[in-house]
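Each value in this text was obtained by applying a stated rule to the coordinates, not by laboratory testing. Being a predicted model, the structure only gives us computed values, none of them experimental. Virtual Cβ from ideal backbone geometry, glycine too; neighbours counted across all protein chains shown.
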Amino acid sequence: MTSGTTRRTVLVGAAALGTALALPPLPAIAAAAGDAAALRARWHTLLTGGPGLDLTDPRIKAAVDRIGRTATTTVQGLDPTRTDGLWPDLTSTTLSNHVTTSFKRIATIATAWAVPGTPQHGDAATAQLLLASLDWMLTHRYGPGTTRFDNDWDWEIGSPLGLNDAAVLLYDALGTERLTRITDAVRSYTPDPNLWRVDRQIATGANRVWVSTVVAVTAVLSDDGASLTRVRDALSDVEGGGANSVLAFNDRTGGADGTGEGFYSDGSFLQHYKHPYNGGYGKELLNNLSRLLNLLAASEWTVTDPDLDNVRRWVDEGFDPLIARGDVMASVCGREIARPSKQGHVSAQTVIEAVLRLIPGFPGETADRFTALVKQWITEDTYRDFLAATDLASLVAAQQVLAGPVPARGPLVAHKQHPLMDKAAHHRPGFALGISAYSTRIYNYESIQNENLHAWHLSDGMVLLYTDDLGHYSEDYWPTVDPTRLPGTTVVAGRPADAAGQRTTSTADWAGGAVLPGTTLGAYGMELRAYGSSLRALKSWFCLDDVIACAGSGITADAGTVETVVENRKLRDPAAALLVNGSPAATAQGPADLDAVRWLHLEGTGGYVFPQPARVRALREERTATWREINLKYGTDTSVTRPYLTLWHDHGQAPSDAGYFWLQAPAASAARTQSLSASPPVRAVATTTAVHAVRRCADGVLAANFWAAGQAQELTADGPASVLVLPQGKTVTVALSDPTQLREHVVVDLALRGLKVVSADPGVRTESTPAGIRITADTAGLHGATLTLTLTRS
């Protein structure tokens, strides 16, 4: 293989990152690293697990059998003599996903043909059927003379990915002429790793990595070193001066301005400009990048960009906090939540596979940390058996990790906020909680291609609780849940039109919070200005270890009934007990009004404490729907029914300055909930339109969200801010941020005398006041990040 043009690169250093990148345990490649056959063998191994599979290993044998069974099912109906399509259900010439699906099915059968131990392995008749199928597709559906239709993604990414995989698997049987037809066809749609779409737009984020992958495998098939050089450089956007590098953080200082799509230093990932998408496009970027790095490792085209080191933080900050025992939090999965094929922890499987491929490329401490993390992810997900679902190459790698000496990391215990995408995640030993907001900076939800049609309130303060019910958000949750009453949201009752308001930013800037480092203490909030109505609300969540204080004020609307949803739970047991002040509520279907509620406990979910007796409405129901109702493109028409219990506050018609306050105790027992009600561990200090503040009784922690200048006991702020104060003996730690991301400075007065500075983040300074101490924090350019200060009492 020749490299063609002189290597054009600004990339220096970090070369060692690429030298060992091979999916463990890839066999040694006999040919030179820069040889086309060697790189093709490497891709073949990614698809098949490579030579030398131990078919006596029960897990390997089961995986091989699964590949064979899948191929046997897939080949049914395949008929290259048809004139309308290879399969009777893939005949459309207006839906481009029929083209992609056809190539994927061919690749599925080709995988079985290439893997020893399957009924199809090496079978001449199967090979001939596959070759005839490829010829049919190249003649009738995909090639330089074919007019594309529908979605560019299918033509330039989805279809060529499947076609290239099939070509690698069938390489020895293709023949020169057919191979040339394949590579010419792919290049006619995807010639450049920097550009895509029919109008040749700059490719960004996951799309850039997808396109680069297509070009790279095509280059390997055609012995084209010059294209591999362009692929390597496209990852860093050398031709564009780095503006759309997929490796650099988008919030880096001094970088060229791009679209903003991709990863940020706080772990946020945005695609389609302003959509949070770690669990969708982000995972696909990580997945395909790991495959590309594997392909190019230890070759002339090894990626040596120093920004490759950022991948460590992608994993640690952008994926780990957003995975709850195998389930990627739905708030960052975009429209994929409306696809039946993406439920059941499938997204987390993709992340695990990618990290397995990355481990050898980050030797030392990072490799050990990734190994411990993967081991934790695999073993803690008792809902989906990773080893029974993953591909062969990842299975071999995972088995080595599980058998190795590095221990699993252990359950994540952390409070993590992503201010650059308006999301927060709270992890405790018994549960995890995800909070979804939006602002002037972030879109509310995505509904394109007739997908995700009912996600109207996905970012209106949605709170998703992850407990030991690991399948809660699987098993048809998203089509059957009442989309007008998502948990945690404040809404105007009613059902908008499909996809109403999608891709809309708020007119409010306030969304975010502050975190006390090294703890699971965080303040989070949002100013809600609802799309399509006059509804306004101020909403806070104070995450204080195992108790979350939920506060709302200023709830106002000109018209309509306004509700705040306390919980909306899909029940494992349709008759799960609901206790109201210790007494069982009726388990019959239908609505109920619960008066003078001091505490509620829902079996299998946890407790809810109302320090001031509240009126709560309840609805136990069986909900029936189809996936087609929320996804016209990939949905199915089979009706599914699931049991739900919904709890909410009814603020009435056209409320003015309504509010709420309750304590949520996820996974708490009934006895624990009753105890919390008898002696609430957190009390409200303020729930006004100027400030929400709470204090934890046991240690005096004060947490406050200031919507405007105001005071909460010993704490005063000069304007919008989120602040936490943690007293510990003679030490006081203060954490603060600007959730509007607009202020140059945040000034906080703490009315505690005798305090001296022990340490402070850069940009934080203090001065004495008659009442105590004034803290001034430079927040310009921090994008809502938390600053901390440690004080001691003299």
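Convert 10 °C to kelvin, take the viscosity as 1.306 mPa s, use the Kirkwood radius over C-alpha pairs of region 149-201 as Rh, and evaluate the Stokes-Einstein diffusion coefficient in µm²/s, rounded to a whole number. Value of D from the Cα-based Kirkwood radius: 135 µm²/s. Based on DSSP H segments of at least four residues, each scored -39500 (n - 2.57), the chain has a per-residue ellipticity at 222 nm of -7500 deg cm²/dmol. Would you mind estimating how fast region 232-302 diffuses translationally, via Stokes-Einstein at 10 °C and 1.306 mPa s with the Kirkwood radius over Cα pairs, in µm²/s? For these conditions, the coefficient is 124 µm²/s.
Taking the square roots of five times each eigenvalue of the Cα gyration tensor of region 496-642, the equivalent ellipsoid has semi-axes of 27, 26, 18 Å, listed largest first. With N counted as the residues of region 557-673, its alpha-carbon radius of gyration over 2.2 N^0.38 Å works out to 1.20.
Highest mean packing comes first when the peptides 46-59, 333-346 are listed by Cβ atoms within 10 Å, giving 333-346, 46-59. Shown is the FRET efficiency for Ala132 and Ala575, computed with R0 = 56 Å from the Cβ-Cβ distance and rounded to the nearest 0.05: 0.50. Lys/Arg Cβ at +1, Asp/Glu Cβ at -1, dipole of the chain taken about the Cα centre: which of Tyr383, Gly258, Ala549 is farthest positive-ward? Checking the options against the dipole of the chain, the answer is Ala549.
The value obtained for the chain, namely the Cα convex hull volume divided by the number of residues, is 162 Å³ per residue. With the simple model of a label 7 Å out from the Cα in the direction of the Cβ, Ala771 to Val640 spans 5.5 nm.
Each peptide in 583-594, 680-691, 456-467, 561-572 receives the mean, over its residues, of other Cβ atoms within 10 Å, and ordering these scores from highest gives 456-467, 561-572, 680-691, 583-594. Note on the chain: with charges restricted to the Cβ of Lys and Arg (+1) and Asp and Glu (-1), its dipole about the Cα centre is near 960 debye. Packing here is the average count of other Cβ atoms within 10 Å per residue, and on that basis the peptides 245-251, 759-765, 709-715, highest first, run 245-251, 709-715, 759-765.
Per-residue extension of 0.36 nm, minus the Cα-Cα distance of Arg615 and Val198, leaves a gain of 144.4 nm for this segment.
Each label was represented as a point 7 Å from its Cα along the Cα-to-Cβ direction; for Gln713 and Arg753 these points are 1.9 nm apart.
When the listed pairs Lys61/Lys570; Lys423/Lys570; Lys342/Lys539; Lys274/Lys539; Lys274/Lys342; Lys416/Lys633 are checked against a 25 Å cut-off, the alpha-carbon distance exceeds it for Lys61/Lys570; Lys342/Lys539; Lys416/Lys633. Here the label points at Ala62 and Ala125, each 7 Å from Cα along the C-beta direction, are separated by 3.1 nm in the simple model. With distances taken between every two different alpha-carbon atoms, region 414-680 has a Kirkwood hydrodynamic radius of 18.8 Å. Report the Stokes-Einstein translational diffusion coefficient (µm² s⁻¹, integer) for region 658-794, Rh taken as the Kirkwood radius over Cα pairs, at 25 °C with viscosity 0.890 mPa s. In µm²/s, the coefficient is 154. Its residue count N sets the reference 2.2 N^0.38 Å, and the alpha-carbon radius of gyration of region 202-412 equals 0.99 times that reference.
Label point 7 Å out from Ala559 along Cα-to-Cβ: which residues of region 482-508 have amide N under 19 Å? Within reach of a label on Ala559: 491-498, 500-501.
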